[in-house]
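Engineer: Have a look at this one.
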Ligand SMILES: Cc1ncc(COP(=O)(O)O)c(C=O)c1O
């Protein structure tokens, strides 16, 4: 254990105790509830920490509240660069303390994120095509206006604010293990510092998207290293490099890192919505993704998985739901051909309707050259109660002389 890191650890714990007072006044103590389904899968007791129900939809508001609270009386406003949850956290926190906030977002930021950030009272400045350009602009504005810059993760106060999740976990259950999503590392550093200080036996496991495994790579290298993040449904975790402080704490206190791929994250979002009625964004679902993918060893343990946020774009959610329904056999595709005479498509659709399947889409292609002459290719996208019903439809179609095959699962 290296002493300078231990000092940093202790500092975070002391600051985090102060942060508790501020955070508890302006944010929720989020529920920690047991999940019987996940407990069964894990072979231990699994709790979920619902930070997706936090004010602004993610834990990020905790660090923002503590950092911004320290600026009261010092400056008139704060500046941050973010196209995600940090933006909303800082906007909310500055409104709570009567300070101005400027949030710089890349020009590519989604309209829904811009609107959400404005709705919390921030002035939004769109600048640059990538995050780094927005960041430089934010530092420039901070200097010009004399505002304080609020970093997204590499700052003792921000880490301490995120550490308030750790205090709550210590009070809510007697845990052996905690599973935490990792972007720049602020959340895991805060939780690990607080929990290990008071319960050293607690294991802390970090989860990253395979698209941006910067903490995994850095811990392996023994120093913070930069990676080139790929696009991911877990956009909150797409940081290039861990922070110096977050890396230092993680290298001292994090027991294990795990990565999950895009399919695993999507399935976890679907699972949480269907089984737990919990809406999570990709970054918020990676812990459950790791468990469902069999990448965590939780047998006989009492574990908490942090659902760190719920701000998912509804168009992304729509795609995930369709893939999930398709995988579950509730949306199927029937592919076949019919003679190209009038009334043929209607006969096919009548058979489909007789089995109470719902038609989502129809393709009727008469120019596909792979077909025999005077035939049309037909692709039906159907909503069905079960695969058995879809199979029954195929049999009924066969009886009428039509040849169709059933395709399940998402088309890649
Ligand atoms: C929902 C969500 N989870 C996890 C993270 C990662 O947090 P950190 O950067 O503190 O590791 C973020 C970061 O924005 C986030 O928005």
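The values are calculated or read from the model by the stated rules, or taken from the named source; none is laboratory data. No experiment lies behind these values; they were computed from the predicted model shown. Every residue, glycine as well, gets a Cβ built from its backbone with ideal geometry; the counts of neighbours run over all protein chains shown.
Engineer: Inside region 76-97, can you point out the residues that are surrounded by fewer than 24 Cβ atoms within 10 Å (Cβ to Cβ) and in contact (Cβ under 8 Å) with a residue 40 or more places away in the chain?
Structural biologist: Within region 76-97, the first condition is being surrounded by fewer than 24 Cβ atoms within 10 Å (Cβ to Cβ), and the residues that meet it are 76-77, 83, 95-97.
Matches in region 76-97: 76, 77, 83, 96.
Engineer: Grab the helices (runs of 4 or more DSSP H) fully contained in region 111-193, keeping just those with 2 or more residues being farther than 24 Å from residue 245 by Cβ. Walk me through it before giving the result.
Structural biologist: On the way: elements: 111-119, 131-145, 156-162, 164-172.
Correct list: 111-119, 131-145, 164-172.
Engineer: With a cut-off of at least 2 residues that are within 13 Å of the chain's Cα centre (by Cα) and within 14 Å of the ligand (Cβ to nearest atom), name the helices (runs of 4 or more DSSP H) lying wholly within region 235-292. Working first, answer last.
Structural biologist: Values: elements: 244-253, 262-276, 282-292.
Because the criterion is at least 2 residues that are within 13 Å of the chain's Cα centre (by Cα) and within 14 Å of the ligand (Cβ to nearest atom), the helices (runs of 4 or more DSSP H) in region 235-292 that meet it are 262-276, 282-292.
Engineer: Got a number for residues in region 219-255 being closer than 21 Å to residue 12 by Cα and buried (at least 16 other Cβ atoms within 10 Å of the Cβ)? Give the derivation first.
Structural biologist: The first filter runs over region 219-255 and keeps only residues closer than 21 Å to residue 12 by Cα, leaving 219, 223-224, 241-255.
Those left that are additionally buried (at least 16 other Cβ atoms within 10 Å of the Cβ): 219, 224, 241-243, 245-254.
Here the count works out to 15.
Engineer: Follow-up. Has region 265-286 got at least one residue that is surrounded by fewer than 20 Cβ atoms within 10 Å (Cβ to Cβ), in contact with a strand residue (DSSP E or B) (Cβ under 8 Å, 6 or more places away or on another chain) and under 14 Å from residue 310 (Cβ atoms)?
Structural biologist: Looking through region 265-286, at least one residue is surrounded by fewer than 20 Cβ atoms within 10 Å (Cβ to Cβ), in contact with a strand residue (DSSP E or B) (Cβ under 8 Å, 6 or more places away or on another chain) and under 14 Å from residue 310 (Cβ atoms).
Engineer: With the structure loaded, tell me whether residue 187 is away from the ligand (no atom under 12 Å from the Cβ) and either at negative phi or out of contact with any helix residue (DSSP H, G or I) (no Cβ under 7 Å at 6 or more places or on another chain) (or both) or whether it fails that test. Outline the logic, then answer.
Structural biologist: Numbers: away from the ligand (no atom under 12 Å from the Cβ): no; either at negative phi or out of contact with any helix residue (DSSP H, G or I) (no Cβ under 7 Å at 6 or more places or on another chain) (or both): yes.
Criteria not met by residue 187.
Engineer: If you go through region 1-27, how many residues are under 15 Å from residue 66 (Cα atoms) and in a helix (DSSP H, G or I)?
Structural biologist: Taking region 1-27 and keeping what is under 15 Å from residue 66 (Cα atoms), we get 11-27.
Imposing the further condition that a residue be in a helix (DSSP H, G or I) reduces the set to 11-26.
So the count comes out to 16.
Engineer: Checking residue 30 against (1) over 18 Å from residue 170 (Cα atoms); (2) part of a loop (DSSP other than H, G, I, E, B); (3) touching a strand residue (DSSP E or B) at 6+ places or on another chain (Cβ under 7 Å): exactly one of these is not met. Which one?
Structural biologist: Among (1) over 18 Å from residue 170 (Cα atoms); (2) part of a loop (DSSP other than H, G, I, E, B); (3) touching a strand residue (DSSP E or B) at 6+ places or on another chain (Cβ under 7 Å), residue 30 violates only (1).
Engineer: Can you pull out the residues in region 98-119 that are more than 15 Å from the ligand (Cβ to nearest atom) and either crowded, with 16+ Cβ neighbours inside 10 Å or at pLDDT below 95 (or both)? Quick ask: steps written out before the conclusion?
Structural biologist: Within region 98-119, the first condition is being more than 15 Å from the ligand (Cβ to nearest atom), and the residues that meet it are 98-102, 104, 107-108, 111, 114-115, 118-119.
Those that are more than 15 Å from the ligand (Cβ to nearest atom) and either crowded, with 16+ Cβ neighbours inside 10 Å or at pLDDT below 95 (or both): 99, 100, 101, 102, 104, 107, 108, 111, 114, 115.
Residue-by-condition table, conditions (1) in contact with a helix residue (DSSP H, G or I) (Cβ under 7 Å, 6 or more places away or on another chain); (2) modelled with pLDDT of 95 or more; (3) over 18 Å from residue 278 (Cα atoms):
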| residue | (1), (2), (3) |
| --- | --- |
| 9 | yes, yes, yes |
| 17 | no, yes, yes |
| 22 | yes, yes, yes |
| 36 | no, yes, no |
| 59 | yes, yes, no |
| 64 | yes, yes, yes |
| 69 | yes, yes, yes |
